[in-house]
Structure formats: C-alpha cells, structure tokens
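Read through the structure below, which is laid out as structure tokens, and then see the notes.
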Amino acid sequence: MNLVKSLGSVGGLTLVSRVLALLRDSLAARYVGAGFASDAFNGVAFRLPNMFRALFAEGAFSAAFIPLFNKKAAGPEGLPAGYAFAERALAVLLPVLILFTVAMLLAAWPITYLLSGGFARQHPTHEQFAFAVMLSRITLPYLALISLASLLGGILNSLDKFWVNAAAPILLNLAMIGGLWFFHGADEYETARVQAISVTVGGVLQLAWLILACHRAGVDMRLRMPRLDKDVREMLRLIVPAAAGAGASQINLLISTSLAGSLLASGSITYIYYADRLNQLPLGLIGIGLGTILLPTISRLLSSGQDAAAMETQNRGIELALFLTLPATIAFLIAAEPIVRGLFQYGHFTALDAKRCGWALSAFSIGLPSYVLVKVLTPGYYARGDTKTPVRYAMLSIGINIVGNLILIPLIGHVGPPLATALASTVNVAMLYRTLAARGHFVADAGLRRKVPRLLLAALLMGATIYAFEQLLDPYLGGPLIVRYAALGVLVGAGGAVYGVACFVTGAYRIADIKGLLRKRGATSKPVQE
C-alpha cells in the first residue's frame, strides 16, 4: 500500500473538513463572540463530544478493534469471520452506549461543573449555569452516535476504504454551518443553542453515511444478543488503556479547559478553543490521517511477519509528519495573530480577542509536531498488542500538564494551558520514541536522519518569508471578508511556495525521492487497472 497516496485521499478529505470547520468557527465568532455563551458551548457542550470522539472513535476503539478484526479476517474463514466478530462487538457496544448516554444525561449538572471548573471567575448566575447544562444535554447523544459510527468506520478502514470514514466529519461541519447561517438567533445565547442542536444532527448524518457505505461494501450488521465471548473480552480489555494512551492530548486539553474555567476570566476558554481549532487543522490533516492508515497497515505487516516493512512504513510516517508539521509550527509562531485576525475578528469578536487568541495559538503550536507524532508512534505499540505502555506515558504527561497549568496560569494567564499542553505532549512523544527504539521496534533509517535537519532549515526559510509578507498584508487582514481571505491566501501561498523550493534547495527532498514516490504509486495502482 502506498502511504503517500492513502494519506492524500484521507488527508484531502480531512482538509476539506477542517476548512469547513474554520468557516463554522468564523461564523460562530461573528454571531456568538467571546463571552459566557461561547465559553459554555466551546468549553463544555462541544468539548465533551470532541474529546469522546478523539478518545474513542479516533483512538481507543480503533486501537482495540482493528487489530482483532484483521486477525480474524486473515484467518482461514476470511472476512466473514471478521464481520461476525464485528457483530458480536456491536451487540455489546450498543446497550453499553445507551446506558452510558442515559447516565451522562442524568449527571449533566456535575459533569458541566467539572469540565468548566464551575466558571468560578465568571461568577455565572443560576440561569446562566443552567443554560450551560442544557447545552451539554443537547450534545450528549452525539457520544453514542459517533461511537457506533467508529465501529463501522473501523471495518471500512480495515477494508482499505479509508476515504469513506474520512469524509464523515464533513457532514458534522455542514450541519453546524447550516445551523449558524440559517438559524442563528437574536443574541449569542439563542445562537449557542442552535450550535448544540446542530452537533447532534451532524452525528445522525455521520452514522447514516457510514451505515450506507457499509451496505454498499457488502457489510450488513445484524443485531445480536450481547455475549461476552473471548474475543469481545479481549477487545474490552484493550479499550480502556488505549483511550488514555491515544487521547493524552485530549485529556490534557480537558484539564486545561477546566482549570481555565475555574481560574481565568470570561472569554479565556473561547480563546483557547479557537486557538486549538487552528492548531487542529494541520493535526487533522496529518495526524489523524496517518494514524488511521498506519494502525491497520502495520498490524497487517506484523501479522504476516514483515517486520522490516512495518518499520520502514513507520519511518516514512514520521518523515511525512515532520514534513507537514514543521512549517505549520513556524507559521503559527510567527504569524498567529494575523491569522486569527483574518479568520475570526468580525462582529462580536474584537481586535483584543484576536490578539489574546493569537498568543494561545503560538503556545499550542510549540507542541504541534508532538501531537502528530503521538498518532504515528502509538500504532507501533497497538499493532503488537501493547496498550499498557502508552497509557503509562500518557498518565505521566497528564501529571506534567496539571503541574504546568498550576504554575503557568498565575504567570501568563490564558496562555498557560496551551503551553502546558504542548510541553506535556512533547514529553509523551519522547518517552514513546525512546521505548520503541530500546525494544528494537523502531530504528530511524538513513533517509529519516538525513531529512529532519534539512526540513527544519526549509521551515525556517519559509518563516522568514511569512514574516516579510505579513508586514505587507497587515492592512488587508482587517478588511471585508473577501479581502481578508484573499490576503490570508497570499500569505499561506507564498509561505508554501518558498517551503517547497527550500526543501529541494536544502536537499530535504531530491528529484530521485519524487521519482521513487511516483514509481510506488504506479506500482500500487497497476494491479487495480489490470
């Protein structure tokens, strides 16, 4: 399988989804701004389903389900055995999700308090806090919907139909954009309620899309009576540690948000949220795409005894991750405020809001390579059935994050949580890499060692270009929407062009590398044509 080609299809669709998410957030900034209503939605009502999706749909369930599904499908009975295992997993998963969702709905008040720190510094009235609880109850059904969707998406990923699952989040963003555009209310509170309703509507659309895709692929799941057989127990045993291991950054962000709600003033959660959304653009394009592809790929290679091929695949994964994240990191460090101003400073979102959000984005970007490398390195553990080691390191990074927040918030305010999250993620990646290398499960090959310093140099050259263009384009970033988007397009385009040229000038990539990728792509597609 061609890693670049697969990442191109998954990453392209994820990019579409993230661009739509930026449009969604731009509309939210315009109609809701940065106040209690936006903090209640972004910090609690939308944070909870986002965290659950990252922990479960994109992390724990995939890590536990996909290797077991592939193992069954690779056996003497073939795919029917894999489908039978998926049906048994669904039979146990469905009642658990129903009970879990009901319990969360009943406990919405304390959960909201826990996630927000009670909004202690904002001193909300009883009616305001009740509003935040109501938003949480509206979005909670999304947890069950996205979890069921993750089961179907895991099957499709194992069948190499990566693009179908990657396209599903587009529906969520379209539902939220439609809600904000057509049904925004007279004030920020009415609009926040519309946002919450559109989250659950988007979850229904995602599940329906994946049910239809599975049917077209010949996968029709039947409901069975739940039974905890050996395979299902093994899957459940793997899920809990995998959730903490794969979702350490989300848990860190959740803790940071809770501390921000407790210790910081109104609007701080919203600054952190929008900064995180921008930071998630390259993370979604690269990290989720690579994680989605690498786990089933490495699992299959190891199952067939191709250890060297598995290691080579992971080397190329790290190489691609750094190729795409290093320039994003430099860009966010140098031009965070102009980017935020061009995207969000409109309507209720002021110039001061843009400045403060830009500070948070710069802090987040320091950890951007590590956020992605977690997605690249953890499949090396999960594919070998080791979910305990990543969870140990995740717990250590969460502890570092908590301590970092408590130290940094009094010193630098709302910039503290993003910076603590970035530092904790960097420590997590260092531990994951060191252990894989010590076990002999990963060795950086000559190609990776040669390219990393050259990629960094190319990214720095790109950063100098962005700084120069930022000075020229600054007057246009506060103009009408079309003008500011055009200015951002020029800024990003100039930086990207310089980075591409610099990669060749520095020797990070050579003509032979491009020819090699094209030959691999041709080799991959030839059997399909025949």
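Each reported figure results from applying straightforward, stated rules to the coordinates on display, with no laboratory input. The structure displayed is predicted, hence computed values, not measured ones. Here the Cβ positions follow ideal geometry from the backbone for every residue, glycine too, while neighbour counts run over all protein chains shown.
Quote the FRET efficiency, to the nearest 0.05, computed for Glu87 versus Trp163 with a Förster distance R0 of 25 Å and r equal to the Cβ-Cβ distance. List each step's numbers first, then the result.
Working: r = 24 Å, r/R0 = 0.97.
Efficiency at R0 = 25 Å is approximately 0.55.
Assuming R0 = 22 Å, can you tell me the calculated FRET efficiency for the pair Ala265 and Glu190, based on Cβ-Cβ distance, to the nearest 0.05? Each step should come with its number before you reach the end.
Numbers: r = 24 Å, r/R0 = 1.08.
Given R0 = 22 Å and the Cβ-Cβ separation, E is 0.40.
Any idea how far apart Ala217 and Ala497 come out in nm if each label point goes 7 Å out from Cα toward Cβ?
Going by the 7 Å Cα→Cβ label model, 4.0 nm.
Scan [x] 22.5, 68; [y] 25.0, 81; [z] 45.3, 160 for the value of Rg and Dmax of the Cα atoms in Å calculated from this model and give just the label.
[x]
So which DSSP H runs in the chain come out at 30 Å plus along the axis (Cα) with average Kyte-Doolittle of at least -1.0? Provide the component values of the computation, followed by the final result.
Numbers: long enough: 3-31 (41 Å, 0.87); 79-106 (40 Å, 1.86); 162-183 (33 Å, 1.58); 188-216 (42 Å, 0.67); 307-344 (48 Å, 0.88); 388-412 (35 Å, 1.28); 416-438 (33 Å, 0.89); 446-473 (41 Å, 0.86); 481-505 (36 Å, 1.85).
Going by DSSP H runs, the hits are 3-31, 79-106, 162-183, 188-216, 307-344, 388-412, 416-438, 446-473, 481-505.
What number results when the radius of gyration of the range 124-203, computed over Cα atoms, is divided by 2.2 N^0.38 Å?
That ratio works out to 1.34.
Inverting the mean 1/r over all pairs of different Cα atoms, compute the Kirkwood radius of the range 334-382 and quote it in Å. Write out the running numbers ahead of the final one.
Details: mean 1/r = 0.0811 Å⁻¹.
So the Kirkwood estimate lands at 12.3 Å.
Any idea how far apart Leu460 and His123 come out in nm if each label point goes 7 Å out from Cα toward Cβ?
Here the modelled spin labels are 5.0 nm apart.
Can you list the equivalent-ellipsoid semi-axes of the range 367-442, largest first and in whole Å, using the square root of 5 times each Cα gyration tensor eigenvalue? List each step's numbers first, then the result.
Working: eigenvalues 146, 25, 15 Å².
Equivalent ellipsoid of the range 367-442: 27, 11, 9 Å, largest first.
Suppose R0 equals 51 Å; then what is the FRET efficiency for Val483 and Arg392 from their Cβ-Cβ distance, rounded to the nearest 0.05?
Working: r = 51 Å, r/R0 = 1.00.
Efficiency, from the Cβ-Cβ distance: 0.50.
So for Val429, Val92, Val372, fewest C-beta neighbours within 10 Å to most, what's the order? Can you show the working numbers first?
Numbers: Val429 22, Val92 19, Val372 30.
Listing Val429, Val92, Val372 from fewest to most nearby Cβ atoms yields Val92, Val429, Val372.
Quickly work out the Phe183-to-Leu99 label distance, labels modelled 7 Å from Cα along the C-beta direction, and quote it in nm with one decimal.
Those two pseudo-labels are separated by 3.3 nm.
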